[in-house]
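Engineer: Below you'll find the structure I mean.
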Amino acid sequence: MYYVNREQISARLNVIPKVVDALELIAAGWDGQLLKSFAQERALHLAIETVTDVGSCLIDGFIMRDASSYEDIIDIIAGEGVFSADIHGTLLELVRLRKPLVQDYYEWDRAQLHPLTLVLPAILQQFQTAVNTYLEQELDR
């Protein structure tokens, strides 16, 4: 039997609607101002952390193979059928932003609206639904 901490996963998934709202507000009102740029960076960072935290919980709980990187977390849970292939590419692109946001922040182009800011709201909602569906299928048998 698996020990999947559904409370921990749920707590993280519950952040997604707030991140989605933030990304949509940022995109709708984008004017390149510094405050909005920092808000965009934080929203993207929270999206990364949420997706990878949920992925790590799934990997640990369902005893999937160990992940060696953030990209690997996405690859593993995609390979296990947690979400569809069309979400996979965008989530890989998202987690690849972690290094530029967290380590190379001094090089981040703050004047531009990042393209993921426009597409992530739908992808994050699909991710949330897919994870909940996966948990129901795997645990509520």
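Engineer: Gain in length, Arg110 to Gln125, computed as 0.36 nm per residue apart minus the alpha-carbon separation, to one decimal in nm?
Structural biologist: 2.8 nm
Engineer: What number, rounded to the nearest 500 deg cm²/dmol, is the helix-based mean residue ellipticity at 222 nm of the chain, given -39500 (n - 2.57) per DSSP H run of at least four residues and division by all its residues?
Structural biologist: -23000 deg cm²/dmol
Engineer: State the extension gain, in nm to one decimal, for the chain segment bounded by Lys99 and Glu138, taking 0.36 nm per residue of separation less the distance between their alpha-carbons.
Structural biologist: Net length gain for the segment: 10.8 nm.
Engineer: What do you get for the angle between helix 85-95 and the principal long axis of the chain? Use alpha-carbon atoms, 0 to 90 degrees, nearest ten.
Structural biologist: Compared with the principal axis, the helix lies near 50 degrees.
Engineer: What net charge is computed for the residues neighbouring Ala67, neighbours being all others with C-beta under 11 Å from the C-beta of Ala67, Lys and Arg scored +1, Asp and Glu -1?
Structural biologist: Net of charged neighbours comes to -4.
Engineer: Same structure, new question: With θ set to phi - 60° and the Karplus curve 6.51 cos²θ - 1.76 cosθ + 1.60, what are the ³J(HN,Hα) couplings of segment 10-16 in order, to the nearest whole Hz, using x for Gly and Pro?
Structural biologist: Along segment 10-16, the couplings run 4, 4, 6, 5, 5, 7, 4 Hz.
Engineer: Separate question: Over the chain, what is the relative contact order in percent, taking alpha-carbon pairs closer than 8 angstrom and at least six residues apart?
Structural biologist: Rounded, it is 35 percent for the chain.
Engineer: While we're looking at this one, here's another question. How large is the dipole of segment 1-61 about the Cα centre if only Lys and Arg carry +1 and Asp and Glu carry -1, each at its Cβ, rounded to the nearest 20 debye? Write down the numbers at each step before the final one.
Structural biologist: Values: 5 positive and 8 negative charges, 13 e Å.
The dipole of segment 1-61 has a size of about 60 debye.
No value in this document is a laboratory result; all are computed from the given coordinates. Keep in mind it's a predicted model, so treat the numbers as computed, not measured. As a convention, Cβ positions derive from the backbone with ideal geometry for all residues, glycine included, and neighbour counts pool all protein chains shown.
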